[in-house]
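Written below as structure tokens is the structure these notes are about.
The values are calculated or read from the model by the stated rules, or taken from the named source; none is laboratory data. For clarity, every value in this text was computed on a predicted model and none was experimentally measured. Because the Cβ atoms are built from the backbone with ideal geometry, glycine has one as well, and the counts that use them run over all protein chains shown. Heavy atoms of the whole protein, side chains included, go into the accessibility calculation; ligands, DNA and RNA do not. Shrake-Rupley method; radii C 1.70, N 1.55, O 1.52, S 1.80 Å.
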Amino acid sequence: MITIIFIITLLYLLLIGIFIYGFDKVPSFQLEDITAKTKFSIIIPFRNEADHLPLLLASISKLNYPKALYEIILVDDDSEDNSLEIIKSSKLQKFDISVVKNNRLTHSPKKDAITAAISHSKYDWIVTTDADCSLPKYWLDTYDHYIQNHKPKLLIAPVTFTTIASFFDRFQLLDILSLQGVTIGGFGVNLPFMCNGANMAYQKAVFNDVKGFEGNSHIASGDDIFLLEKILKADKNAVQYIKSKDIVVSTNPESNFKSLKSQRVRWASKTSNYNNGFSKLTALVVLFMNALLVCLPLLCFSGIISVKVFLYTCVIKFLIDFLLIFKTARFFDQGQFLSSYFLSCLLYPFFSVYVAFISIFKGYKWKGRGYSK
């Protein structure tokens, strides 16, 4: 048993150490005042987002980028609330904005929505975000500046939570900071495998070249990860990360445990379909480490392992995780929320294992729809 504990802990220590090293290897990108050139089609699928659309639309109205260089395509996925009325009454009449109906063809409404919007788009660069997000003022300026300087085909950019009021919010924030840290770290060691569809951009041509979401449209989620994998396979050097505070998209944490569980089960359900070997290895090592921490108290109380082994293992995970989250929190200027790290660290292994377990046997609900395994 000691040997198993040692191997799992060592693998986890090396893995997170790689991401910490990689995080610092990704250079910060500084926005400069240059002439805007890139034309963008911003795609935003929505379903029953009346509570979130006002904030999104307000942030769009404040974008600094020349209005003549971008269009906004909102895709209505059978909304049953007053989302459409909110869009029609918004103060975006001077913008190139359109609302299209989602054309449901597959098991994945969001992939269908993005595909439908791309077929309506006018410009060569597609930018995606979510209806529950808020966009920074220099969002498109940063994308444009980076594109002019680096000539990529797919760009990944940072996402975080805002409006943090309770411990439940801070728990989720620390979790997404760890995911963002892993995302950046993966790019830093030239092993990218994670991204967030709330803030990414890609050329329409490369989307068509890899045949869009063909081959994974039977999986409800994963519009971001599976597209990343396909483009990486086609041209690894064309995929890059923009490490800039000027491009950070923000959203809100889930409001209750039921919705958080559903979200994380949705995320976990696509893991078995990953094609990237490193992403599968990472998922397994993280799962085994969290499962080990769940089992350690029982092993200790039953006398199978000593208290010293139990404490050493917990301290190693506590410290290595903290270093990664500390770096990420500092980048996002959210270091003030690290005070909740200790308690979150104690709770997270149980939550993680619980989500992994139920994702094997149960489906989930998303936007009022049920999805089975």
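Restricting segment 301-319 to residues that are open to solvent by less than 20 Å² (accessible area, probe 1.4 Å) and part of a helix (DSSP H, G or I), the residue that is modelled with the highest pLDDT is Lys317. What single numbered condition from (1) modelled with pLDDT under 95; (2) in contact with a helix residue (DSSP H, G or I) (Cβ under 9 Å, 6 or more places away or on another chain); (3) farther than 30 Å from Gly188 by Cα; (4) of a type in the set (A, V, I, L, M) fails to hold for Leu69? The single condition Leu69 does not satisfy is (1). Has segment 188-204 got any residue that is under 22 Å from Ala283 (Cα atoms) and surrounded by fewer than 18 Cβ atoms within 10 Å (Cβ to Cβ)? Scanning segment 188-204, I find at least one residue that is under 22 Å from Ala283 (Cα atoms) and surrounded by fewer than 18 Cβ atoms within 10 Å (Cβ to Cβ), so the answer is yes.
Pairs linking a residue in segment 344-357 that is closer than 14 Å to Phe322 by Cα and in contact (Cβ under 8 Å) with a residue 40 or more places away in the chain to a residue that is of a type outside the set (Lys, Arg) and open to solvent by less than 30 Å² (accessible area, probe 1.4 Å), with Cβ atoms under 6 Å and 6 or more positions apart or on different chains, are Ser344/Phe171; Ser344/Leu174. Residues of segment 114-150 that are surrounded by fewer than 19 Cβ atoms within 10 Å (Cβ to Cβ) and over 26 Å from Ile219 (Cβ atoms): Lys122, Tyr123, Asp124, Lys137, Tyr138, Gln148, Asn149, His150. Close contacts from segment 104-131, counting a first residue that is under 21 Å from Ile247 (Cβ atoms) and a second that is surrounded by fewer than 22 Cβ atoms within 10 Å (Cβ to Cβ) and of a type in the set (Phe, Trp, Tyr), with Cβ to Cβ under 7 Å and a gap of 6+ residues or different chains, come to Ile126/Phe207.
Residues in segment 93-108 that are among the hydrophobic types (A, V, I, L, M, F, W, C) and at pLDDT 85 or above were compared, and the one that is farthest from Ile44 (Cα to Cα) is Phe95. Selection of segment 22-64 for residues being surrounded by 20 or more Cβ atoms within 10 Å (Cβ to Cβ) and either assigned to a loop (DSSP other than H, G, I, E, B) or among the basic types (Lys, Arg) (or both) yields Phe29, Thr38, Arg47, Glu49. Determine if segment 329-346 includes at least one residue that is within 26 Å of Thr183 (Cβ to Cβ), at pLDDT below 85 and open to solvent by 20 Å² or more (accessible area, probe 1.4 Å). No, because not a single residue in segment 329-346 is within 26 Å of Thr183 (Cβ to Cβ), at pLDDT below 85 and open to solvent by 20 Å² or more (accessible area, probe 1.4 Å). When Ser306 is tested against (1) more than 28 Å from Phe193 (Cβ to Cβ); (2) polar (S, T, N, Q); (3) under 26 Å from the mean Cα position of the chain (by Cα), only condition (3) is not met. Only residues that are open to solvent by 10 Å² or more (accessible area, probe 1.4 Å), hydrophobic (A, V, I, L, M, F, W, C) and outside any loop (DSSP other than H, G, I, E, B) were counted in segment 65-113, giving 8. Gly222 fails exactly one of the following numbered conditions: (1) buried (at least 21 other Cβ atoms within 10 Å of the Cβ); (2) at pLDDT 95 or above; (3) outside any helix (DSSP H, G or I). What is the number of that condition? Only one criterion in (1) buried (at least 21 other Cβ atoms within 10 Å of the Cβ); (2) at pLDDT 95 or above; (3) outside any helix (DSSP H, G or I) is unmet by Gly222, namely (2).
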